[in-house]
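Reviewing the structure listed below.
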Amino acid sequence: MNRKEFGTHVSASYNQYLEDLFNQILEMGSLVERQLQSSVLSVQNADSDLAREVIQLDKLVNREEMEIDRLCVRVLARQQPTASDLRLIVSSIRIAVDLERMGDEVVKISRLVLRLAQSGKLDCQNLQGYKQLVEISSRAREMLKNVLDAFTRLDLSGAAAVIEEEERIDELFAVVMEEVTERFKETDHDVECLLQLVYALRAAERITDHARNIAETIIYLVNGQDLRNMDDDALAEFLLSIQAK
Amino acid sequence: MLSIKPVSSLESSSRLFEELIGVGTLLSIALIIGGLSGFWALAFLLAFSTYLARNLFYFLHFLNLVRSRALEPSKVPFGVWGDIYDAYFEKVFQDKRRIKRLRIETDQVYNAMNLLPDAHISLNERFQIEWVNHSAENLLGLRRNDVGHKITNLLRQKEMVQYLELKHFDQAIEFYLSAESTRRLSAKMVSYFDKHYLLIIRDITDAHNLAQVRRDFVANASHELRTPLTVLNGYLELMLDSADSLPPVWANPVTQMHQQSLRMQNIINDLLTLSNIEAEDIELESDYVEVASMLQKLELEANQLSGGKHNFHFNIESKDGLLGKSEALRSVFTNLVSNAIRYTPNGGDIWVRWYQTPQTLVFEVKDTGIGIDREHIPRLTERFYRVDNARSRSSGGTGLGLAIVKHILERHHAKLSVYSRLQVGSTFRVEFPIALRMSSDLVD
């Protein structure tokens, strides 16, 4: 699919509907981006006010998802889209779901900040893993930014880069989890803190998974190829081939 | 400029003449053939069909030429067709030259745009990108083929989205490109060329940092100076208290030292006040300020300060107060009145008015003082700006009064205007927007 295809329909309102839908997804994306951004800051600075703001923003994100659904239904019902237009609708619904889930995971990270502030256990921040939480969530933020840029430009190599980055984060996550499990064995650490940390780490990792899903959806949207359940070798080859382009 | 030559007109051309000669020749040949063979009708028919066939041939040839837009100048035929071909070639040639010129001019503009140090992005009325220059590519990470995308799809910063939604394009916005980026950017939208916009984004990191450094420096330096000064002041006061034990030679110097150290303390306090005002958030928490009673107190203070040397006329015409910071506003009023006292010779008049117009609430101080030269008026609110160095220092004051006034009034969205004539007097008028009006019965 090519971006200029929006202008190719005879019906001006059809073009407009598709354009609206496209812009709406990016609007939702920028909301989640802002949410994630504030969340990273709130984790970094243990800022509970900012964390509360993040949780408030989630309501807006949820509303945006419903709006996208409404726009998709409107196009489906009125214009019976086919080919790349139909792929745009299907992708939009998928991306909206991923973004909404991302918003929920971001809220989970912010809850960590609130819980730690409530319990007054600020020394949790010195725990092994807290720094890595900041790192994973910053990289998740970067991935979200790149995946949204790739969606705007329908840029395959951008999407492929996001998928590769997600694999690196998976490895990082495995290492971090091992370290945190080690800490559980030492009794002098606060188990509750560690448990919260595990939740937050998990949430940050899930965010990168959703970013990867969106990247896969972009490839589906542009090429019509489905990357889900592709085995590792085939996937690596495929990614190489689109990056070479 | 390329002048467009008129298409060669038929009157002035010899081609019509050529055509007539051609027709004449054809007719004479027909006559000769008819005379020789006796088949008159056939001979004329032959001549006529030759003429028709030639015309048809050139008609089709010309049609092909126009359709294919081929420009290799083919041999121009004889007769009126020659005119048509000439005119067509002339026209095509002119068009080609015009297109070339336009292309050069467009390239020139593009190249100039690319050399500009600030990012320039042209948008249409739906805020879709039309083109971006090199700086936009470097500064913002946009790409040349981003044309057609909505700008907020690529610049998703909160400030940018709000700016385009609210459409307050007379103001500029400032934002960071991303969370970890330290580059501070300033963006301004300018509308141009009938429903197009030019988004100009510049890197103001240096200016932004410089302003921050200056503010911090002033705040820190004044804070650091305060402590040693307090010690000096304390001992000087102690010495003055036991003036009898001082050698008489030192009495005068110690008094002067004390005065100067007090003055220095005032300057430092004013500097701290200024930096506090600057550091405050734009939207301050405001409360009800009862201007009328504040001015009544001010009248007493003014009389004390002047020592009965000036005639005061306080006209409090409006009972309404303001929504604002009372301490800050008090210092605005005090500053303006004490300036009037300071710069009005003994026996002069000072009018203070508080009144209301349909759009504004006005505080006005008018005096019959020495006045201010026109060239100084725009610079009055600068820090330490002195109209006349010698006089101002002797009359005391820190040189920061009007700077403080300006900053406080900015926070209240009020406007300060100064009208003055040398030797006649000055008027300082503060206009508060009517939106800040608060009457006493509304308070409880």
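The values are calculated or read from the model by the stated rules, or taken from the named source; none is laboratory data. Here the structure is a predicted model, which is why all the values come from computation and not from measurement. Glycine also receives a Cβ, built like all others from the backbone with ideal geometry; neighbour counts cover every protein chain displayed. Please note that ligands, DNA and RNA were not included when accessible areas were found on the heavy atoms of the full protein model with its side chains. Shrake-Rupley method; radii C 1.70, N 1.55, O 1.52, S 1.80 Å.
Would you mind giving the mean number of other chain beta-carbons within 10 Å of the Cβ of each residue in A:103-113, as a whole number?
Mean partner-chain Cβ count within 10 Å for A:103-113: 0.
Could you identify which residue out of A:Ala83, A:Ala211, A:Ala117 has the top mean-square fluctuation in a GNM of chain A using Cα springs shorter than 10 Å?
Evaluated over chain A, the most mobile residue of the options is A:Ala83.
Can you say what percent of the DSSP beta bridges in the protein assembly as shown, counting only those with both residues inside, are antiparallel? Round to 5.
Percentage antiparallel, nearest 5: 90.
Around B:Phe314, which amide H atoms from residues at least 5 apart in sequence, or from another chain, sit under 5 Å from its own amide H, with H modelled in the peptide plane?
Sorted by chain and number, the residues that satisfy this are B:Val352.
Would you kindly find the accessible area of B:Glu364, with a 1.4 Å probe and non-protein molecules such as ligands, DNA and RNA excluded, rounding to the nearest 10 Å²?
20 Å²
For the stretch A:92-245, rounded, prolate or oblate, judged on the Cα gyration tensor with a ≥ b ≥ c (square roots of eigenvalues), a/c < 1.5 rounded, else prolate if a/b > b/c?
The shape class here is prolate.
Just the number please: accessible area per residue for chain A, 1.4 Å probe, all protein chains included, in Å².
Per-residue accessible area for chain A comes out at 46 Å².
Taking only protein heavy atoms into account and a 1.4 Å probe, give the accessible area per residue of chain B in Å².
Dividing the accessible area of chain B by its residue count gives 61 Å².
How big is the Kirkwood radius of the stretch B:283-352, worked out from every pair of different alpha carbons and given in Å to one decimal?
Result for the stretch B:283-352, one decimal place: 12.8 Å.
Output the antiparallel fraction of DSSP beta bridges having both residues in the stretch B:271-427, as a percent to the nearest 5.
Close to 70 percent.
Rank these residues by their accessible area, most exposed first, probe 1.4 Å: B:Met438, B:Met189.
Result, largest first: B:Met438, B:Met189.
How much length is gained on full extension from B:Arg421 to B:His376, taking 0.36 nm per residue of separation minus their Cα-Cα distance?
The span from B:Arg421 to B:His376 would gain 15.1 nm if fully extended.
Checking the table B:Lys150/B:Lys195; B:Lys325/B:Lys366; B:Lys309/B:Lys366; A:Lys131/B:Lys158; A:Lys145/B:Lys150 against a 18 Å threshold on Cα-Cα, which pairs fail?
Correct reply: B:Lys325/B:Lys366; A:Lys131/B:Lys158.
Once ligands and nucleic acids are excluded and a 1.4 Å probe is used, how much of B:Arg411 is accessible, expressed in Å² to the nearest 10?
40 Å²
Out of A:Val113, A:Val61, A:Val73, any idea which swings most in a Gaussian network model of chain A, alpha carbons joined below 10 Å?
A:Val73
Please give the calculated 222 nm ellipticity per residue for chain B, where each DSSP H segment of at least 4 residues contributes -39500 (n - 2.57) and the sum is spread over every residue; nearest 500 deg cm²/dmol?
-17500 deg cm²/dmol
Dimensions of chain B along principal axes (Cα, Å, largest first)?
Computed over chain B, the largest-to-smallest principal extents equal 155, 55, 51 Å.
Principal axis extents for the stretch B:281-417, Cα atoms only, whole Å, descending order, please.
The Cα atoms of the stretch B:281-417 stretch 40, 32, 25 Å along the principal axes, largest first.
Taking each pair of distinct Cα atoms in the stretch B:96-175 once, what is the resulting Kirkwood hydrodynamic radius in Å?
One over the average 1/r among Cα pairs gives 14.0 Å for the stretch B:96-175.
If all Cα-Cα distances of the protein assembly as shown are sorted into 10 Å bins from 0 onward, what percent lands in each bin, rounded to whole numbers?
For the protein assembly as shown, the pair-distance distribution reads 2, 10, 13, 14, 13, 13, 11, 9, 6, 4, 2, 2, 1, 0, 0, 0.
Using 7 Å Cα-to-Cβ label points, what is the A:Ala234/B:Ile204 separation (nm, one decimal)?
Roughly 5.4 nm, to one decimal.
Positive end of the charge dipole of the protein assembly as shown (Lys, Arg +1 and Asp, Glu -1 on Cβ, about the Cα centre): tell me which of A:Gly103, A:Val191, B:Ser417 has its Cα farthest that way.
B:Ser417
Give me the net charge for the shell around A:Asp149: Cβ to Cβ below 10 angstrom, other residues only, Lys and Arg +1, Asp and Glu -1.
Summing Lys/Arg as +1 and Asp/Glu as -1 gives +2.
Taking the Cα centre as origin and putting +1 on Lys and Arg beta-carbons and -1 on Asp and Glu beta-carbons, what dipole magnitude results for the stretch B:186-316, to the nearest 20 debye?
500 debye
Can you work out the Karplus-derived ³J(HN,Hα) for every residue in the stretch B:102-117? Use 6.51 cos²θ - 1.76 cosθ + 1.60 with θ = phi - 60°, whole Hz, and x for glycine or proline.
Calculated HN-Hα couplings, in order: 4, 5, 5, 5, 4, 4, 4, 5, 4, 4, 4, 4, 5, 7, 5, x Hz.
If you take the beta carbon distance between A:Ser11 and B:Lys96 as r and set R0 to 45 Å, what does 1/(1 + (r/R0)^6) give as a FRET efficiency, to the nearest 0.05?
The formula returns an efficiency of 0.70 here.
Give the residue from A:Ser13, A:Leu57, A:Leu114 lying farthest towards the positive end of the charge dipole for chain A; charges sit on Cβ (+1 for Lys and Arg, -1 for Asp and Glu) and the dipole is referred to the Cα centre.
Positive-end residue among those listed: A:Ser13.
Please list, in chain and number order, the residues 5+ apart from B:Gly321 or on another chain whose amide H is under 5 Å from its amide H, with Hs placed from the backbone.
Excluding prolines and chain starts, which carry no amide H, the hits are B:Val291, B:Met438, B:Ser439, B:Ser440.
Calculate the mean, over all residues of peptide B:420-432, of how many other protein chain Cβ atoms lie within 10 angstrom of the residue's Cβ.
Whole-number average of other-chain Cβ neighbours for B:420-432 is 0.
With +1 assigned to the C-beta of every Lys and Arg and -1 to the C-beta of every Asp and Glu, and no other charges, what is the dipole magnitude of chain A about the Cα centre in debye, to the nearest 20?
It comes to approximately 860 debye.
Can you pull the one-decimal nm distance between simple spin-label points at B:Ser181 and B:Phe89, each 7 Å off the Cα toward Cβ?
Result for the modelled spin labels: 5.7 nm.
So what does A:Arg212 come to for accessible area, using a 1.4 Å probe and Å² rounded to 10?
Spelled out: A:Arg212, probe radius 1.4 Å, area about 40 Å².
Among B:Phe314, B:Ile372, B:Ser186, pick out the residue whose Cα is farthest towards the positive end of the charge dipole of chain B, where Lys and Arg carry +1 and Asp and Glu carry -1 on C-beta, about the Cα centre.
B:Ser186
Sort the stretch B:231-360 into rounded, prolate or oblate with this rule: let a ≥ b ≥ c be the square roots of the eigenvalues of the Cα gyration tensor; rounded if a/c is under 1.5, and if a/c is not under 1.5, prolate when a/b is larger than b/c, oblate otherwise.
oblate
To the nearest 0.05, how large is the calculated FRET efficiency for B:Val190 and B:Lys167 if R₀ is 22 Å and r is the Cβ-Cβ distance?
With R0 = 22 Å, the Cβ-Cβ based efficiency is 0.95.
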